[in-house]
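The values are calculated or read from the model by the stated rules, or taken from the named source; none is laboratory data. Keep in mind it's a predicted model, so treat the numbers as computed, not measured. Here the Cβ is made from the backbone with ideal geometry for all residues, glycine too, and neighbour counts use every protein chain on show.
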């Protein structure tokens, strides 16, 4: 899925997260999203916290803002393994 997930309204997350959690309960899902955090609000943060959605900040933008060593470190980090499935919201 591409795009900024926080462009969705709080109402979207109020409806989607309970549905996903209930339907996938047998899989013990963990939710995560990669976001630039630009549209994070206390209301959205509270909803995401209720469902333990991990928010991973995206370091995007002008390449000149990142030093070569930081850029190299970020691009080579492995994903963490988990016993339960992870779903990007």
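Can you find even one residue in region 57-68 that is surrounded by 10 or more Cβ atoms within 10 Å (Cβ to Cβ), modelled with pLDDT under 95 and more than 16 Å from the chain's Cα centre (by Cα)? Yes, some residue in region 57-68 is surrounded by 10 or more Cβ atoms within 10 Å (Cβ to Cβ), modelled with pLDDT under 95 and more than 16 Å from the chain's Cα centre (by Cα).
The set of residues in region 18-48 that are closer than 14 Å to residue 6 by Cβ and either in contact (Cβ under 8 Å) with a residue 60 or more places away in the chain or assigned to a helix (DSSP H, G or I) (or both) comprises 42, 43, 44, 45, 46, 47, 48.
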